[in-house]
Amino acid sequence: MARATVARRYATADGRGEFFEGDNLRSLDALVREREASVALAYLDPPFDTGRVFETQGRLAAGDGKTVAYDDRWSDRAEWLEALASRLARIRELLAPHGCVVVHVDPRTSHYVKVLMDELFGEENFVSEIIWRYRRWPAKTRNFQRVHDVMLRYRKDARCEGRWNPLYEDLAPSTKATWGTRKQRAVVDANGKRLRSTTEDVESKGVPMGDVWDIGVVAPVAKERTGYPSQKPESLLSRLITSLTDEGDLVLDPYAGSGTTAAAAWKLGRRFVTMDAGEASRDVVLARLAAIGANLRHEDHPEKTSINVKVAAA
């Protein structure tokens, strides 16, 4: 993982967005001192303990020749978990009483992370395991294709009602064929046994969204593609932010990467704080946010933005 010794802060003129360039543990410590109990949603997409060095692609790999995005090599899994635990401990302090945290990992490590989060947040604060299912180019393997990631969601305090904006999926074709698109009402007998369904005059919103999400990865030729490795689709983060925060809430992402969380939060009218130690991340985040009107300026030198690449607005 890329690490820096000095954290530098960039912010939008209206204060709605901030980016810390430097080690995220130091940045989180600074935020705890400034904004304890203020975050509605923290989303973490940390390195997955793959033992690999990830490099930038396309436009980000040109220019000064610095192609390393982040180093995901660790001495052992215990070191990786310890690094993640120290950051989650700070994030717990940063969450508002109604806030929640979502940690994005893969099936190889999700069970270790869940045990860790049970200890840090309490088993009673586990809310959901969301499966992100996607399609990708098939791999050569004598096994089922791995086509999903895992997102673990925990709340700060079980006694507080958290943010919740329900989302809906389309009705099944069979349901539409039988009942149309109007809202159904169940008819039950005196014992609570369901007898039949009737339709109302109100249009149905759809089926309440489940915890398995089919969202495509960012295609190599997609306009959204930045060239930063392990980039997550904006539609994935938009869904999380829409359902788990309200307009004006603060969203935190301590592993900025390509800036997807910050971009989605800005477009949805939320505030954001994000951070990363890598130069490639800094450049793509500043460029990506500038393209949508979220111009981040250095706190000590407002005229400097350190933008070295061009990223189209999504």
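Computed quantities for the displayed model
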{"quantity": "Matching entry among 243, 238 (being modelled with pLDDT of 95 or more and under 30 Å from residue 23 (Cβ atoms))", "calculated": "238"}
{"quantity": "Residue 165, sole failed condition from (1) surrounded by 13 or more Cβ atoms within 10 Å (Cβ to Cβ); (2) within 18 Å of the chain's Cα centre (by Cα)", "calculated": "(1)"}
{"quantity": "Criterion (more than 16 Å from residue 57 (Cβ to Cβ), of a type in the set (A, V, I, L, M, F, W, C) and assigned to a loop (DSSP other than H, G, I, E, B)) met by exactly one of 264, 256", "calculated": "256"}
{"quantity": "Positions within the stretch 192-216 being buried (at least 18 other Cβ atoms within 10 Å of the Cβ) and at pLDDT 95 or above, in sequence order", "calculated": "213"}
{"quantity": "Subset of the stretch 173-191 that is small (Gly, Ala, Ser) and in a helix (DSSP H, G or I) - its residue that is modelled with the lowest pLDDT", "calculated": "177"}
{"quantity": "Number of the condition not met by residue 219 [criteria: (1) assigned to a strand (DSSP E or B); (2) of a type outside the set (D, E, K, R); (3) free of Cβ contacts under 8 Å to residues at least 40 places away in the same chain; (4) surrounded by 11 or more Cβ atoms within 10 Å (Cβ to Cβ)]", "calculated": "(1)"}
{"quantity": "Failed item in (1) over 21 Å from residue 212 (Cβ atoms); (2) in the same structural domain as residue 105 (by TED's automatic domain parsing), with residue 179 passing the rest", "calculated": "(2)"}
{"quantity": "Complete set of residues in the stretch 285-302 that are over 25 Å from residue 244 (Cβ atoms) and not in a loop (DSSP other than H, G, I, E, B)", "calculated": "286, 287, 290, 297, 298"}
{"quantity": "Cross-chain or 6+ apart pairs with Cβ under 7 Å, the stretch 13-32 first and on the phi > 0 side of the Ramachandran plot, then modelled with pLDDT under 95 and of a type in the set (Val, Ile, Thr)", "calculated": "22/6"}
{"quantity": "Unique residue being among the basic types (Lys, Arg), touching a residue at least 24 places away in the same chain (Cβ under 8 Å) and over 27 Å from residue 112 (Cβ atoms) when the list is 136, 163", "calculated": "163"}
{"quantity": "Filter result (closer than 29 Å to residue 147 by Cβ and surrounded by fewer than 16 Cβ atoms within 10 Å (Cβ to Cβ)) within the stretch 91-119", "calculated": "106, 107, 108, 111, 115, 118"}
{"quantity": "One residue from 103, 115 being out of contact with any helix residue (DSSP H, G or I) (no Cβ under 8 Å at 6 or more places or on another chain) and either outside any strand (DSSP E or B) or closer than 26 Å to residue 235 by Cα (or both)", "calculated": "115"}
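The values are calculated or read from the model by the stated rules, or taken from the named source; none is laboratory data. Being a predicted model, the structure only gives us computed values, none of them experimental. No Cβ is skipped: glycine too gets one built from the backbone with ideal geometry, and neighbour counts run over all protein chains shown.
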